[in-house]
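Read through the structure below, which is laid out as structure tokens, and then see the notes.
Please treat every number below as a calculation from the coordinates, not as lab data. Computed from a predicted structure; not experimentally measured. Because the Cβ atoms are built from the backbone with ideal geometry, glycine has one as well, and the counts that use them run over all protein chains shown.
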Amino acid sequence: MAKKISIIIPVYNEVQNVSKIHSEIIDVCESAKYQYEIIFVDDGSTDGTTMALKELYPAKILVFRKNFGQTAAIDAGIKHAKNDHIVTMDGDLQNDPHDIPRLIDHLEKYDLDIVSGWRINRKDTTAKRITSKGANLLRTLLLKDGIHDSGCSLKIYKKECFNHINLYGEMHRFIPAILKIKGFKIGEVQVNHRPRVAGKTKYDWKRTLKGFVDILSVWFWNKYAVRPLHLLGGGGIIILMMGVLVSLYAFYLFFLGQDMSNTVLPLLSVFLITSGIQLFIFGLLADIIMKVYFEKTRDIPYSIQEYVENINPIKSKPQ
């Protein structure tokens, strides 16, 4: 049976590249006999990209009112995808569509949910490679997603990966980490990376800074999203205990006859105790908010891949 794939390409001012990448994708899909759809998301282009896209066939085209960013474009494309597997890639011709069959084969061979491309021989500027290596190191230390090159846009996902996920910020770089938190299985394949021959790179220091902030956001979500009381409440208790100890020490000095009006200990003890109580209460409120969130939305802090009901009544139902 023919494989069904949706290929999502966010583009921003890539008028010189969209026709070529579209043609290459069609050649690959027709040769492999895929059932496919090509979804271009025009992220507020101002150079004629929109008109160029409208001349392509077959293609689905989503046009943003303004530039909302690559993550928003990928999220919009995913929500409009109809097929079993979703492929994401850049529209600047640096990702090679001929790697798509290899991603699909690897995903099926090892029964994975996500396969990420690994640009082992990158054709980028030195500054961009250094920045990327630094970001990858930080991501590895904090997120531990097992991916060497999470910034590579060429990836394939099972569509079910996005049943309960909305992307925001610069989170497209950390989709594997987010999905790993949910329990999905991740793999990686070395892919071809080509030099940019037309258009201008969209990466700058602002995107690097946003990416760093989002790494911290994903790390926090992974550690404390379903248990904020552990962080805020635990910190509050520690500060509260410090305040109690300072108070006891102040009382001890007071009973020894020391004039406490010349020390900061009373004010410090009151400050620590008050701060500790407030932080603990914030933790309780955050915990309540998260419980309400998970009850009122479709999101859950885990993902059940399969439910099997055994006919034999002696055997228990696997959860």
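Expressed as a whole number of Å, what is the distance separating the alpha-carbon centroids of region 246-271 and region 42-80?
Going from one Cα centre to the other spans 65 Å.
If packing is taken as the mean number of other Cβ atoms within 10 Å per residue, what is the order of 148-159, 16-27, highest first?
148-159, 16-27
Residue 15's amide H: which non-local residues (gap 5+, or another chain) put their own amide H closer than 5 Å, with H modeled 1.01 Å from N in plane and none for Pro or chain starts?
49
Suppose every K and R has +1 on its Cβ and every D and E has -1 on its Cβ; what is the size of the dipole of region 1-43 about the Cα centre, in Debye to the nearest 20?
Rounded to the nearest 20 debye, it is 280 debye.
Collect residues whose amide H, placed 1.01 Å from N in the peptide plane, falls under 5 Å from the amide H of residue 62; neighbours closer than 5 in sequence don't count.
40, 41, 42
Please compute the net charge surrounding residue 37, taking Lys and Arg as +1 and Asp and Glu as -1 over other residues with Cβ under 9 Å from its Cβ. Show your work: numbers first, answer last.
On the way: positive: 4, 60, 82; negative: none.
Charge balance in the 9 Å sphere: +3.
For the ranges 270-281, 42-53, what's the packing order if you count other beta-carbon atoms within 10 Å of each residue, average per peptide, and put the highest first?
42-53, 270-281
With a 10 Å Cβ neighbour count serving as the proxy for reagent exposure, in which order, fewest first, do 122, 194, 65, 173 appear?
Values: 122 17, 194 12, 65 6, 173 26.
Listed from fewest to most nearby Cβ atoms, that is 65, 194, 122, 173.
Would you kindly derive the ³J(HN,Hα) couplings of region 274-280 from the backbone phi angles with the Karplus curve 6.51 cos²θ - 1.76 cosθ + 1.60 (θ = phi - 60°), listing them in order in whole Hz, with x for Gly and Pro?
Ordered by residue, 3J(HN,Hα) equals 4, 5, x, 5, 5, 5, 5 Hz.
All other residues with a Cβ under 10 Å from the Cβ of residue 16 taken together, and with Lys, Arg as +1 and Asp, Glu as -1, what is their net charge?
With Lys, Arg at +1 and Asp, Glu at -1, the neighbours total -2.
Using θ = phi - 60° and the Karplus relation 6.51 cos²θ - 1.76 cosθ + 1.60, list the HN-Hα couplings for region 91-102 in order, rounded to whole Hz, with x at every Gly or Pro.
x, 9, 6, 6, 7, 9, x, 5, 7, 4, x, 5
Using the structure shown, select from 20/60; 66/158; 60/109; 79/155 the pairs with a Cα to Cα distance greater than 27 angstrom.
Beyond 27 Å: 66/158; 60/109.
Pop out the ³J(HN,Hα) list for region 253-266 in order, Karplus 6.51 cos²θ - 1.76 cosθ + 1.60 with θ = phi - 60°, rounded to Hz; leave Gly and Pro as x.
Per residue, the Karplus-derived 3J(HN,Hα) values read 5, 5, 5, 7, x, 7, 6, 7, 5, 9, 10, 8, 4, x Hz.
Given a Förster distance of 41 Å, report the FRET efficiency between residue 31 and residue 65 from their Cβ-Cβ distance, rounded to the nearest 0.05.
In this case the efficiency is close to 0.65.
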